[in-house]
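As structure tokens, the structure follows; a few thoughts come after it.
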Amino acid sequence: MPAKKRPLLERMARARKLKRIRTERKVTKSRHEGIRVLRNISAIRRFRQEAKGKAVTRLGFGKEENRAFEHVAGLMRKSGLSVRTDAFGNLYGRLEGKSSKVVMVGSHLDSVRRGGAFDGVYGVTAALEALNNIKATGNPAHPIDLVVWRCEESARFNKAMLGSNAALGKLTAEDLIRTDANGVTLRKALEQNGLTYKPGQQLINPQNVLLYIEPHVEQGDILARAKRKRIGIVTRIAGPERYELTFKSHSAHSGATPMGRRHRKDANVAASKATVKTRNLALRANHISRILGPTVSQAVHKGPIVGTVTQMRTVQGSLNTIPGMVRTTLDVRALSTHQRGKLAKRIITGVRKAALKEGVSLDVKELSRSPPVSMSAKNVTLLERVCRENGIVHRKMPSGAGHDASNLQKAGIPSAMFFVPSEGGFAHNPHERTHIKDLGAGVVLLTKFLHGVAKVSPVN
């Protein structure tokens, strides 16, 4: 019977069946890609300080990060990529093309202390899988570089994204004398790895880069809580403002000193009150922001405002001593520099008052600050289009965490970023986990995106 004469319901049922078959084929393919990515993540997870358990400690320029880099370099060579490292130790695997303009995709392999297996590593393994897909189907006009950044986390040297900063010539002589917990400077760590980076040395020319894209697991629970949302397309990355707060008084015997402020000047009590004060002021800032709503000029910056005491260490204290010195670190973030600055000022003022009530002095040292950065609007639109064309359910969202993509965008390289869900919202946590179908969906999106921007032509 001709199609036009078939009953309407029969034609609709047939269309639904064909759509379901096509969807099932896509899901099956993305599942296979997700399985391969998960295998690579599991293999890289072996390179850590811990002998057992789920936790991963892989600090920048440590032997564990070195071994992970060697492993990934081997995977790159196995995939037929040309491999090199730069003067800071960043790793590049290139799928060759004829154009002088390079497309870059990347992430990192280092971790925080006792973190998880997916942070950063997913971006590297998803990119490797995407490049394998492209290599099997065609030849890119633009070369595609898979870049693995060194020391993205601030866990060792108290400054994040060192690898991308170095590549863009943004590291200073002061950065190279930053020390880790054992007193080893960044310069010494570089020398121990046979690297000779000089302050301000530029390792990437932004004029030669067409664009940069970074896949990553979400470091929160927005996608995990959303119904059917498998991809988060990042529109803006928050900038952190970080401080070291040192609470000083005088130590005393914990048994012989009577209770009460007249007798005790407890730096630990002051630091603890500062932690609560920070949380309350950040909650209040979010509450006010929700009530007032963004102004027209701030609408693009709408998002969370956060303040966190991230570390607390007793410098002078023992089992039977009232602490005389406690050192904490403060991390304030927002999508608006103005909002972030206001909150940081309120927190420091409030913390100082709380410390004085306990008879404790406060020293404040600014560690770093970075501006919030908007991703390339053109790349955001392109990612949305690829998602729609491939039936990938998605949403646009900001990133509260910092990423290398912000450094490249600031350097004038049009950059993009997307998230896959982290089940339970775990991040910087041994329980990080992402479902295989979501790992695969990210690979599909990345492959299609790179296929378009690198102008891949079919194999003859």
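The table below gives the values:
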{"read-out": "Residue among Phe118, Phe157 that is of a type outside the set (Lys, Arg) and touching a Cys at 6+ places or on another chain (Cβ under 8 Å)", "value": "Phe157"}
{"read-out": "Qualifying residue in the stretch 440-453 (condition: modelled with pLDDT of 95 or more, buried (at least 24 other Cβ atoms within 10 Å of the Cβ) and part of a loop (DSSP other than H, G, I, E, B))", "value": "no"}
{"read-out": "Flag if Ala282 is out of contact with any Gly (no Cβ under 6 Å at 6 or more places or on another chain), outside the structural domain of Glu432 (by TED's automatic domain parsing), crowded, with 17+ Cβ neighbours inside 10 Å and in a helix (DSSP H, G or I)", "value": "no"}
{"read-out": "Flag if Leu335 is aliphatic (A, V, I, L, M), modelled with pLDDT under 95 and not assigned by TED's automatic domain parsing to the domain that holds Lys159", "value": "yes"}
{"read-out": "Residue within the stretch 140-151 that is crowded, with 24+ Cβ neighbours inside 10 Å and of a type in the set (Lys, Arg) present", "value": "yes"}
{"read-out": "Selection count where residues are under 21 Å from Val209 (Cα atoms) and among the acidic types (Asp, Glu), scope the stretch 385-438", "value": "1"}
{"read-out": "From Arg264, Arg242, residue being of a type in the set (D, E, K, R), at pLDDT 90 or above, closer than 23 Å to Ser370 by Cα and out of contact with any Cys (no Cβ under 6 Å at 6 or more places or on another chain)", "value": "Arg242"}
{"read-out": "Residue ranges of strands (runs of 3 or more DSSP E) in the stretch 90-207 with at least 1 members assigned by TED's automatic domain parsing to the domain that holds Lys448 and of a type in the set (D, E, K, R)", "value": "91-95, 144-149"}
{"read-out": "Ser82 vs. criteria crowded, with 17+ Cβ neighbours inside 10 Å and either assigned by TED's automatic domain parsing to the domain that holds Phe418 or more than 17 Å from Gly163 (Cβ to Cβ) (or both)", "value": "no"}
{"read-out": "Strands (runs of 3 or more DSSP E) contained in the stretch 306-371 and holding at least 2 residues of a type in the set (Asp, Glu)", "value": "361-369"}
{"read-out": "Out of Asn66, Asn40, sole residue that is more than 23 Å from Leu439 (Cα to Cα) and at pLDDT 95 or above", "value": "Asn66"}
{"read-out": "Identity of the residue in the stretch 152-196, in contact with a Ser or Thr (Cβ under 6 Å, 6 or more places away or on another chain) and farther than 15 Å from Ser406 by Cα, that ends up surrounded by the fewest Cβ atoms within 10 Å (Cβ to Cβ)", "value": "Ile177"}
{"read-out": "Residues satisfying the stated conditions in the stretch 407-435, i.e. at pLDDT 95 or above, of a type outside the set (S, T, N, Q), surrounded by fewer than 24 Cβ atoms within 10 Å (Cβ to Cβ) and in a helix (DSSP H, G or I)", "value": "Lys410"}
{"read-out": "Filtered residues of the stretch 376-406 (kept if over 27 Å from Thr337 (Cα atoms), surrounded by fewer than 16 Cβ atoms within 10 Å (Cβ to Cβ) and aliphatic (A, V, I, L, M))", "value": "Val393"}
{"read-out": "The stretch 314-327, residues that are surrounded by fewer than 23 Cβ atoms within 10 Å (Cβ to Cβ), at pLDDT 95 or above and within 15 Å of Thr275 (Cβ to Cβ)", "value": "Arg327"}
{"read-out": "The lone exception for Val386 - which of (1) aliphatic (A, V, I, L, M); (2) in contact with a strand residue (DSSP E or B) (Cβ under 7 Å, 6 or more places away or on another chain); (3) in the same structural domain as Cys151 (by TED's automatic domain parsing) it fails", "value": "(2)"}
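The values are calculated or read from the model by the stated rules, or taken from the named source; none is laboratory data. Only a predicted model underlies this, so the values are computations on that prediction, with no experimental measurement involved. All Cβ positions, even for glycine, are placed from backbone atoms using ideal geometry, and neighbour counts span all protein chains on display.
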